[in-house]
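Quick notes on the structure that follows.
The values are calculated or read from the model by the stated rules, or taken from the named source; none is laboratory data. It should be emphasised that the depicted structure is a prediction, and the values quoted were computed from it without experimental measurement. Cβ atoms come from the backbone with ideal geometry, glycine included; neighbour counts cover every protein chain shown. All accessible areas refer to the heavy atoms of the entire protein, side chains included, with ligands and DNA or RNA removed. Shrake-Rupley method; radii C 1.70, N 1.55, O 1.52, S 1.80 Å.
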Amino acid sequence: MSINTLSSSLISNESIPIEDKTEIPFEDRIPGNRGIWVGIFCVLLEFFFLFGVYLVAKVHHPEAFSTGPDKLVTIAGTTITLLLLTSGYCMVKAINAIKDDQRTASVRWIILAILLGLGYPIVKYFEINWNIEHGVDAEAGIFYTVYYYLTLTHLVHVFWGLLGLIFVATCTNMGIYSSKNYSGIEAAAVYWHTTDIIWLVIFPFFYILR
Amino acid sequence: MIGHAERIWLILIGLTLVGIFFAETGHAGWLLTMTVATLIIVKSNFVIDYYMDMRSANKRIRNILRFFTIIIPVLVILVHAWGDEIRQLTSVF
């Protein structure tokens, strides 16, 4: 998903005041706005095909995929999982806070989510350095080629998510969002949670399954 | 006091550690494949239901998300069960 799509979803005119949302049948409520969901489904489709590539490569090279995780740093993958899940939790708290018109608390939760999210590229940086020092580069075998391709593609989407969170943190601080209109924060949060869901598949694929 | 969001967060962290425990204690094969597939489905749906708050949201969007979180683990199981057949199906030559 491009940054333009993400940013336009966060400031979309589709933002519906909460009073109006109550007129929509409850089960038809769209968290965030329609624009962000178009982007999210594009991301899911992209990763669906990438996971297909992983599985096809796995059936053709079972030995490489059976031993591949042994050379990766499990603690790095685990730390990224914990960072993303905790960052997602912070966004849940940020939305709860803005629903109660606690703007300052909401901004603080979003900033905490951003800081935890920034831990991901930092851990990834050290992990890749460690990998390269130990001869685990993209040419070390089919498993590692797929590993680098999938994880770095995911990292790009995490960057878009982080930019979205920085944007909504600024908007919230400026008083643009309130308990009556918080669809921008919700849009950024659902995109952020989507990167969580994708990582919850990537993590066992490369660090656990043998 | 632990609230609802905290409970969900703790469950997600706990399930993550369960998966790692299985892998690091030398489990492999069917047991690990089924554990991983189950954990992907359970954890992803916790995120969908409680983090994204999709329980009360548009059913079509929710079902597409659920489909994604179920089809991938199902494919993992199929690959484990019928790897040879799938290899032949996906071979160009």
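Selection of the range B:39-53 for residues being assigned to a loop (DSSP other than H, G, I, E, B) and of a type in the set (A, V, I, L, M, F, W, C) yields only B:Met52. Residues in the range A:105-125: is at least one within 14 Å of another protein chain (Cβ to nearest Cβ), open to solvent by less than 70 Å² (accessible area, probe 1.4 Å), assigned to a helix (DSSP H, G or I) and within 16 Å of A:Phe47 (Cα to Cα)? So far as the range A:105-125 goes, no, none of its residues is within 14 Å of another protein chain (Cβ to nearest Cβ), open to solvent by less than 70 Å² (accessible area, probe 1.4 Å), assigned to a helix (DSSP H, G or I) and within 16 Å of A:Phe47 (Cα to Cα). Does A:Leu162 count as outside any loop (DSSP other than H, G, I, E, B), under 12 Å from the mean Cα position of the chain (by Cα), more than 12 Å from every other protein chain (Cβ to nearest Cβ) and aliphatic (A, V, I, L, M)? Here the answer is yes, as A:Leu162 does meet what is asked. Residues in the range A:53-104 that are more than 30 Å from A:Leu209 (Cα to Cα), open to solvent by 10 Å² or more (accessible area, probe 1.4 Å) and either outside any helix (DSSP H, G or I) or not β-branched (Val, Ile, Thr) (or both): A:Lys93, A:Asn96, A:Lys99, A:Asp100, A:Asp101, A:Gln102, A:Arg103.
For the condition within 7 Å of another protein chain (Cβ to nearest Cβ) and open to solvent by 60 Å² or more (accessible area, probe 1.4 Å), what is the one hit in B:Ile11, B:Ile64? Even if it seems obvious, please write down each step before you answer.
Numbers: B:Ile11 fails: within 7 Å of another protein chain (Cβ to nearest Cβ).
Unique residue meeting the criteria: B:Ile64.
For the range A:126-141, the candidate set comprises residues that are of a type in the set (A, V, I, L, M, F, W, C) and open to solvent by 60 Å² or more (accessible area, probe 1.4 Å); within that set, the residue that is nearest to A:Val73 (Cα to Cα) is A:Trp130. For residues in the range B:18-52 being modelled with pLDDT of 95 or more, open to solvent by 20 Å² or more (accessible area, probe 1.4 Å) and of a type in the set (S, T, N, Q), which is nearest to A:Ile75 (Cα to Cα)? This residue is B:Thr38. Evaluated against (1) open to solvent by 50 Å² or more (accessible area, probe 1.4 Å); (2) facing chain A (nearest Cβ under 9 Å), B:Arg55 falls short on exactly one condition, (2).
Among the listed residues A:Asp137, A:Asp101, identify the single one that is modelled with pLDDT of 95 or more, more than 11 Å from every other protein chain (Cβ to nearest Cβ) and more than 20 Å from the chain's Cα centre (by Cα).
On the way: A:Asp137 fails: modelled with pLDDT of 95 or more.
From the options A:Asp137, A:Asp101, the qualifying one is A:Asp101.
B:Val36 meets all of the listed conditions (1) at the interface with chain A (Cβ under 7 Å from one of its Cβ atoms); (2) closer than 30 Å to A:Tyr182 by Cβ; (3) in a helix (DSSP H, G or I) but one, namely (2). The set of residues from the range A:165-194 being surrounded by fewer than 24 Cβ atoms within 10 Å (Cβ to Cβ) and either under 30 Å from A:Ser66 (Cβ atoms) or in contact with a Leu (Cβ under 6 Å, 6 or more places away or on another chain) (or both) comprises just one member, A:Phe167.
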